[in-house]
């Protein structure tokens, strides 16, 4: 459903006109009509957030990875305009966030 642009600015409307122009916002919000964020937009958002909360200097590490998985990682990084390091950091960040959001097992 496309919104119709009001004929005049909100600040020039009467109360009745404002009520009519904004009545769509009175409806209950439903996530059924939402669509997932495109991956490119999601990665751009993550880059911005990472830049805003960068905690300190990076540290170089050496890891081993199966070649097929490394090829997949490089293809993913290339598709979203990331470096290999940034893609790995993003994956680790997502893994840690998921682990934090899981409720701990009750003993």
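The values are calculated or read from the model by the stated rules, or taken from the named source; none is laboratory data. Being a predicted model, the structure only gives us computed values, none of them experimental. No Cβ is skipped: glycine too gets one built from the backbone with ideal geometry, and neighbour counts run over all protein chains shown.
If I filter the range 1-16 for residues that are surrounded by fewer than 10 Cβ atoms within 10 Å (Cβ to Cβ), within 15 Å of the chain's Cα centre (by Cα) and at pLDDT below 80, do I get at least one hit? Taking every residue of the range 1-16 in turn, none turns out to be surrounded by fewer than 10 Cβ atoms within 10 Å (Cβ to Cβ), within 15 Å of the chain's Cα centre (by Cα) and at pLDDT below 80.
Based on this model, can you work out whether residue 73 counts as at pLDDT 80 or above, within 24 Å of the chain's Cα centre (by Cα), in a helix (DSSP H, G or I) and surrounded by 12 or more Cβ atoms within 10 Å (Cβ to Cβ)? For residue 73, the condition - at pLDDT 80 or above, within 24 Å of the chain's Cα centre (by Cα), in a helix (DSSP H, G or I) and surrounded by 12 or more Cβ atoms within 10 Å (Cβ to Cβ) - is met. Here is the figure for the range 17-27: residues that are in a loop (DSSP other than H, G, I, E, B) and surrounded by 10 or more Cβ atoms within 10 Å (Cβ to Cβ) total 1.
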